[in-house]
């Protein structure tokens, strides 16, 4: 067995996602399992190089996890020939320029979404990576959630018959920051800093819909800033200039209609923070982060509308759970493994910067739809 060390620049590692999901639960978890086997006797050993703006925070993370390489100098890290992969989990507004630097330096790039603040910028990154001959990928973690994998199993098995519609509910109450600290950074609520729930979540909905049900053909969206004032990390009030809720209708190829509500100003009355209900001619299912329940056509009850009497049906009890049928790893880690195998074993991988550009496109057109008050066609992106 040959161990090959792979130095990976991890930019934005002091943020919540960069720290917890990508550093700890992905790259360090790969080290805990002895590295990543490539099937030819080689095991990749990730060696993170922590990159960010706050020296003290980087040093503290490095000390906590026994890492030695960290820097506030991105250009210097990218100039190091020993660094082969660049990963970006920064704030959206900083991502495009950093990815452009990494591509120009000849690094393979893997990034959180959205990849850029505009479709033109996202496509320019994808085409630059292709021209440079570097491997490139975008995090599309929802596809690896146990609940959506179970839903995919039902789809692949033909359970639904003809799929009719998809209904999604996502969100939770993000505290304003005055009497309880907010669970999300303040930049998320400032449009000038790349914030907004459309920019954050529509790229997710694009790849979920595209991969499971078909390409999005049209979008119609209504956005709102339900909480107009919030308090930042220093306890100072600021005006929320970005949307904190979005109500979208998406028409997919094949005629499937999807409705997805996204909100940081909603209190949860469902089993999980995100749920998708899929209805088809032969059956229905409700999938969340981990679980998935289904109801077949033959087991569908026959309710009759009568507001004068209590319903005789316990509707939620009439659904069955899709069994696990195997272990599910952390979704971020699972996609890291696929991307590293793509880079170092040339394994197939299609969640690239062009796929990421589709998400940016849908967010851009969703905001335009909300501004203009109309349904907008979503053209297919030319690679």
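The values are calculated or read from the model by the stated rules, or taken from the named source; none is laboratory data. Note that the structure is a prediction, hence the values are computed from the model and not measured. In this analysis, Cβ positions are derived from the backbone assuming ideal geometry, glycine residues included, and neighbour counts consider all displayed protein chains.
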Quiz item: residue 150: outside any loop (DSSP other than H, G, I, E, B), in contact (Cβ under 8 Å) with a residue 24 or more places away in the chain and under 12 Å from the mean Cα position of the chain (by Cα), yes or no?
Solution: no
Practice problem: Please go through the range 170-184 and pick out each residue that is closer than 12 Å to residue 244 by Cα, in contact with a strand residue (DSSP E or B) (Cβ under 7 Å, 6 or more places away or on another chain) and assigned to a loop (DSSP other than H, G, I, E, B). | Solution: 176
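Here's the yes/no breakdown for (1) assigned to a loop (DSSP other than H, G, I, E, B); (2) in the same structural domain as residue 7 (by TED's automatic domain parsing); (3) modelled with pLDDT of 95 or more; (4) touching a helix residue (DSSP H, G or I) at 6+ places or on another chain (Cβ under 6 Å):
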residue: 59; (1), (2), (3), (4): no, yes, yes, no
residue: 62; (1), (2), (3), (4): no, yes, yes, no
residue: 67; (1), (2), (3), (4): yes, yes, yes, no
residue: 75; (1), (2), (3), (4): no, yes, yes, no
residue: 81; (1), (2), (3), (4): yes, yes, yes, no
residue: 84; (1), (2), (3), (4): no, yes, yes, no
residue: 87; (1), (2), (3), (4): no, yes, yes, no
residue: 93; (1), (2), (3), (4): no, yes, no, yes
Practice problem: Specify which of the listed residues (44, 58) is in contact (Cβ under 8 Å) with a residue 12 or more places away in the chain, farther than 19 Å from residue 332 by Cβ and crowded, with 17+ Cβ neighbours inside 10 Å. | Solution: 58
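Do we have residue 364 as touching a helix residue (DSSP H, G or I) at 6+ places or on another chain (Cβ under 6 Å) and in contact (Cβ under 8 Å) with a residue 40 or more places away in the chain here? Reasoning before the result, please.
On the way: touching a helix residue (DSSP H, G or I) at 6+ places or on another chain (Cβ under 6 Å): yes; in contact (Cβ under 8 Å) with a residue 40 or more places away in the chain: yes.
Considered against the rule, which asks whether it is touching a helix residue (DSSP H, G or I) at 6+ places or on another chain (Cβ under 6 Å) and in contact (Cβ under 8 Å) with a residue 40 or more places away in the chain, residue 364 comes out as yes.
Just for the range 105-135: of the residues that are under 23 Å from residue 69 (Cα atoms) and touching a residue at least 60 places away in the same chain (Cβ under 8 Å), which one is nearest to the chain's Cα centre (by Cα)?
112
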Quiz item: Only one residue in 211, 192, 251 is more than 23 Å from residue 162 (Cα to Cα) and surrounded by fewer than 21 Cβ atoms within 10 Å (Cβ to Cβ), so which one is that?
Solution: 192
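Suppose we filter 339, 276 for residues that are over 30 Å from residue 222 (Cα atoms) and at pLDDT 95 or above; which single one remains? Spell out how you get there, then give the answer.
Numbers: 276 fails: over 30 Å from residue 222 (Cα atoms).
Of the residues listed, the single one that is over 30 Å from residue 222 (Cα atoms) and at pLDDT 95 or above is 339.
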Quiz prompt | Criterion (surrounded by fewer than 16 Cβ atoms within 10 Å (Cβ to Cβ) and within 20 Å of the chain's Cα centre (by Cα)) met by exactly one of 342, 350 | solution = 350
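When the residues of the range 287-318 are filtered to those that are part of a helix (DSSP H, G or I) and modelled with pLDDT under 95, which remaining residue is surrounded by the fewest Cβ atoms within 10 Å (Cβ to Cβ)?
317
To keep it simple, each residue is scored yes or no on (1) touching a helix residue (DSSP H, G or I) at 6+ places or on another chain (Cβ under 7 Å); (2) modelled with pLDDT of 95 or more; (3) over 28 Å from residue 233 (Cα atoms); (4) not assigned by TED's automatic domain parsing to the domain that holds residue 184.
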residue	(1), (2), (3), (4)
9	yes, yes, no, yes
15	no, no, no, yes
20	no, yes, no, yes
24	no, yes, no, yes
32	no, yes, yes, yes
35	no, yes, yes, yes
47	no, yes, yes, yes
50	yes, yes, no, yes
Quiz item: Among 97, 102, which is the only one that is more than 19 Å from residue 19 (Cα to Cα), in contact (Cβ under 8 Å) with a residue 60 or more places away in the chain and part of a helix (DSSP H, G or I)?
Solution: 102
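State whether one or more residues within the range 230-247 are touching a residue at least 40 places away in the same chain (Cβ under 8 Å), within 28 Å of residue 375 (Cβ to Cβ) and assigned to a strand (DSSP E or B). Please lay out each step first, then the result.
Of the residues in the range 230-247, the ones touching a residue at least 40 places away in the same chain (Cβ under 8 Å) are 230-233, 235, 237-238, 240-246.
Remaining after also requiring within 28 Å of residue 375 (Cβ to Cβ): 240-246.
Applying the additional criterion that residues be assigned to a strand (DSSP E or B) yields 245-246.
Yes, the range 230-247 contains at least one residue that is touching a residue at least 40 places away in the same chain (Cβ under 8 Å), within 28 Å of residue 375 (Cβ to Cβ) and assigned to a strand (DSSP E or B).
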Exercise. Tell me, yes or no, whether the range 211-228 has at least one residue that is in contact (Cβ under 8 Å) with a residue 12 or more places away in the chain, within 21 Å of residue 145 (Cα to Cα) and assigned to a helix (DSSP H, G or I).
Key: yes
